[in-house]
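> Okay, here's the structure, questions in a sec.
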């Protein structure tokens with residue numbers, strides 16, 4: 001089950017469209033959807049999580065807590081809408097595209113993809129682009 005929670009004023013307009021897309025990402029990686037919670041929040045909310053659980057005193061766009069077991073994907077994906085907005089401006093893309101990238105990024109972490117090493121970053125970016133295209137096919 002995929003659920004959206006809001007700790008900010010931002011809300012996804014068509015949640016079912018996004019839920020279907022996330023489920024499609026999971027299926028495209030030959031995985032099953034377990035309990036996946038997206039929590040949309042602001043910078044300060046995510047900064048507190050970053051400090052408390054990861055001991056990092058920095059802003060970030062996403063933090064993913066992985067509770068997956070085997071092929072069943074489960075976890076909490078925290079997304080800072082403030083960071084997504086700023087990154088969209090910085091990378092000169094629409095807010096929607098950057099939001100899709102970040103949401104896909106979290107699911108890809110739950111599927112076992114990393115982003116610490118240079119080759120992992122490249123693979124993650126390729127996968128993100130592939131998954132964003134799936135959203136546009138769904139519409």
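Throughout, read-outs are computed from the coordinates displayed, never taken from laboratory work. The structure displayed is predicted, hence computed values, not measured ones. Here the Cβ is made from the backbone with ideal geometry for all residues, glycine too, and neighbour counts use every protein chain on show.
> Remind me, relative contact order of segment 46-139 in percent, using alpha carbon pairs under 8 angstrom and six or more residues apart?
Computed value for segment 46-139: 20 percent relative contact order.
> Using a Gaussian network model on the chain with a 10 Å cutoff between Cα atoms, which of 54, 110, 17 fluctuates the most?
Of the options given, 54 has the highest mean-square fluctuation.
> Determine the equivalent ellipsoid of segment 22-139 by diagonalising the alpha-carbon gyration tensor, then write out the semi-axes as square roots of 5 times the eigenvalues, largest first, rounded to whole Å.
Taking √(5λ) for each eigenvalue gives 21, 18, 14 Å, largest first.
> Per DSSP H run of n ≥ 4, the term is -39500 (n - 2.57); total these for the chain, divide by its residue number, and report the mean residue ellipticity at 222 nm rounded to 500 deg cm²/dmol.
-17000 deg cm²/dmol
> What fraction of the DSSP beta bridges in the chain is antiparallel, stated in percent and rounded to the nearest 5?
Antiparallel bridges make up about 30 percent of those DSSP assigns within the chain.
> Exposure proxy check: 45, 91 ranked by fewest other beta carbons within 10 Å?
With the sparsest Cβ surroundings first, the list reads 91, 45.
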